[in-house]
Amino acid sequence: MVVLVSGSGTLLQALMDASADPAYGVQVVAVGADRHGVEGLRRAEQAGIPTFVHRVPDYRTREEWDHALTAAVTAYRPRLVVSAGFLKLVGPAFLAAFGGRYLNSHNALLPSFPGMHGPRDALAYGVKVTGATLFVVDEGVDTGAIVAQCTVPVLAEDTVDELTERIKAAERPQLVEYVGRMARDGFTVTGRKVTIP
Ligand SMILES: Nc1nc2c(c(=O)[nH]1)N[C@@H](CN(C=O)c1ccc(C(=O)N[C@@H](CCC(=O)O)C(=O)O)cc1)CN2
Ligand SMILES: NCC(=O)N[C@@H]1O[C@H](COP(=O)([O-])[O-])[C@@H](O)[C@H]1O
């Protein structure tokens, strides 16, 4: 798989740690980012995994960026692509190449609180339970077919940072478990229903 990141890369680290065991069934062949200098890229480099960066502002149009990102990922011929804190919406070229096998882990219980601020929005709304959602990315914003969800409590005195970290602690094992199962056993997407045999 190719993993896309924009930040600290703790989800990526969990995937790299799991794939150190050949029985896991899938390895991280490259890590891509939309920005330089992030911890996720450093984690990959430390593990000897190739990296690439494609920044939107380096392209004339969003479409050109989408094609460049698609070409960079295609070069590694992955079976799966995983967004792990990748803060860019991909476009038609990327989805034409990887639609149906591009997964994203989002830090809220979709369809509630899509976008870039799941924990902040859940806290502001006053929900008592939130969590993480693994889904198959489509052309919408966090609208793809859901693979798995896990929940965490929202505590009375939570800050955004505390809630963010509690979600990530539940999100990492969910991501590792389901990416492994999907790689080993395969999966089908029929309408909004994702089935892993
Ligand atoms: N076509 C899609 N691409 C991606 C999705 C998706 O559902 N459909 N999920 C993401 C990750 N994501 C949340 O999980 C997410 C990422 C980015 C945005 C967003 O609004 N980004 C803006 C601005 C980003 C920035 O400030 O750097 C943008 O892309 O212009 C919303 C949700 C992976 N890709
Ligand atoms: N909507 C996209 C989004 O907010 N994604 C979130 O970014 C975090 C990445 O953490 P990490 O960099 O430590 O792996 C994760 O919680 C992921 O759900």
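What number of residues within the range 143-157 are under 20 Å from P114 (Cβ atoms) and of a type outside the set (A, V, I, L, M, F, W, C)?
Number satisfying all stated conditions: 4.
When the residues of the range 135-163 are filtered to those that are over 20 Å from L103 (Cβ atoms) and in contact (Cβ under 8 Å) with a residue 40 or more places away in the chain, which remaining residue is farthest from the chain's Cα centre (by Cα)?
Ranking the qualifying residues of the range 135-163, first place goes to V160.
Mind listing whichever residues of the range 73-90 are outside any loop (DSSP other than H, G, I, E, B) and within 16 Å of ligand 2 (Cβ to nearest atom)? Steps first, answer last, please.
The initial filter retains those residues of the range 73-90 that are outside any loop (DSSP other than H, G, I, E, B), namely 73-74, 81-83.
Scanning the range 73-90 gives V81, V82, S83.
Surrounded by fewer than 19 Cβ atoms within 10 Å (Cβ to Cβ), touching a residue at least 60 places away in the same chain (Cβ under 8 Å) and within 25 Å of K168 (Cα to Cα): is that true of S8 in this structure?
Details: surrounded by fewer than 19 Cβ atoms within 10 Å (Cβ to Cβ): yes; touching a residue at least 60 places away in the same chain (Cβ under 8 Å): yes; within 25 Å of K168 (Cα to Cα): yes.
It is true that S8 is surrounded by fewer than 19 Cβ atoms within 10 Å (Cβ to Cβ), touching a residue at least 60 places away in the same chain (Cβ under 8 Å) and within 25 Å of K168 (Cα to Cα).
Can you confirm whether A44 is outside any strand (DSSP E or B), among the hydrophobic types (A, V, I, L, M, F, W, C), away from ligand 1 (no atom under 14 Å from the Cβ) and farther than 21 Å from R77 by Cβ?
Values: outside any strand (DSSP E or B): yes; among the hydrophobic types (A, V, I, L, M, F, W, C): yes; away from ligand 1 (no atom under 14 Å from the Cβ): yes; farther than 21 Å from R77 by Cβ: no.
Answer is no for this residue.
Looking only at residues that are charged (D, E, K, R) and in contact (Cβ under 8 Å) with a residue 40 or more places away in the chain in the range 78-111, which one is surrounded by the fewest Cβ atoms within 10 Å (Cβ to Cβ)?
Pass one, the range 78-111, residues charged (D, E, K, R): 79, 88, 101.
Subsequent filtering for residues that are in contact (Cβ under 8 Å) with a residue 40 or more places away in the chain retains 79, 88.
Numbers: R79: 12, K88: 19.
Going through the qualifying residues, I end up with R79.
In the range 128-150, what count of residues is obtained for those that are of a type in the set (A, V, I, L, M) and loosely packed, with under 15 Cβ neighbours inside 10 Å? Steps first, please.
Here is the first cut: in the range 128-150, the residues of a type in the set (A, V, I, L, M) are 129, 132, 134, 136-137, 141, 145-148.
Filter once more, so that each one left must be loosely packed, with under 15 Cβ neighbours inside 10 Å: 129, 141.
Residues that pass the stated criteria total 2.
Specify which of the listed residues (V28, V53) is surrounded by fewer than 17 Cβ atoms within 10 Å (Cβ to Cβ), in contact with a strand residue (DSSP E or B) (Cβ under 9 Å, 6 or more places away or on another chain) and hydrophobic (A, V, I, L, M, F, W, C). I'd like the intermediate steps shown before the answer.
Numbers: V28 fails: surrounded by fewer than 17 Cβ atoms within 10 Å (Cβ to Cβ).
The unique qualifying residue is V53.
Can you find a residue that is in contact (Cβ under 8 Å) with a residue 60 or more places away in the chain and under 18 Å from the mean Cα position of the chain (by Cα) anywhere in the range 32-39? Show your work before the answer.
As a first pass, look at the range 32-39 and keep what is in contact (Cβ under 8 Å) with a residue 60 or more places away in the chain: none.
The answer is no; no qualifying residue exists.
Taking the options G91, G126, G85, G115, name whichever one is out of contact with any His (no Cβ under 7 Å at 6 or more places or on another chain) and over 27 Å from E39 (Cβ atoms). Before the answer, list the steps.
Working: G91 fails: over 27 Å from E39 (Cβ atoms); G85 fails: over 27 Å from E39 (Cβ atoms); G115 fails: over 27 Å from E39 (Cβ atoms).
Result of the check over G91, G126, G85, G115: G126.
Out of the helices (runs of 4 or more DSSP H) lying entirely within the range 91-197, which hold 2 or more residues that are away from ligand 1 (no atom under 15 Å from the Cβ) and out of contact with any helix residue (DSSP H, G or I) (no Cβ under 8 Å at 6 or more places or on another chain)?
Numbers: elements: 92-98, 118-125, 160-185.
Counting at least 2 such residues, we get 118-125, 160-185.
So which of G118, G180 is touching a residue at least 60 places away in the same chain (Cβ under 8 Å), over 13 Å from the mean Cα position of the chain (by Cα) and closer than 22 Å to V82 by Cβ?
Numbers: G118 fails: touching a residue at least 60 places away in the same chain (Cβ under 8 Å).
When all the criteria are applied, what remains is G180.
Looking at this structure, is A122 closer than 24 Å to M16 by Cα, of a type in the set (G, A, S), surrounded by 15 or more Cβ atoms within 10 Å (Cβ to Cβ) and modelled with pLDDT of 95 or more? Can you show your working first?
Working: closer than 24 Å to M16 by Cα: no; of a type in the set (G, A, S): yes; surrounded by 15 or more Cβ atoms within 10 Å (Cβ to Cβ): yes; modelled with pLDDT of 95 or more: yes.
No, not satisfied.
Restricting attention to the range 2-27, report how many residues are under 12 Å from A84 (Cα atoms) and assigned to a loop (DSSP other than H, G, I, E, B).
Residues in the range 2-27 being under 12 Å from A84 (Cα atoms) and assigned to a loop (DSSP other than H, G, I, E, B): 4 in total.
The values are calculated or read from the model by the stated rules, or taken from the named source; none is laboratory data. In this text, all values refer to a predicted model and were calculated from it rather than measured experimentally. Reconstructed Cβ throughout: ideal geometry from the backbone, glycine too, with neighbour counts over all protein chains shown.
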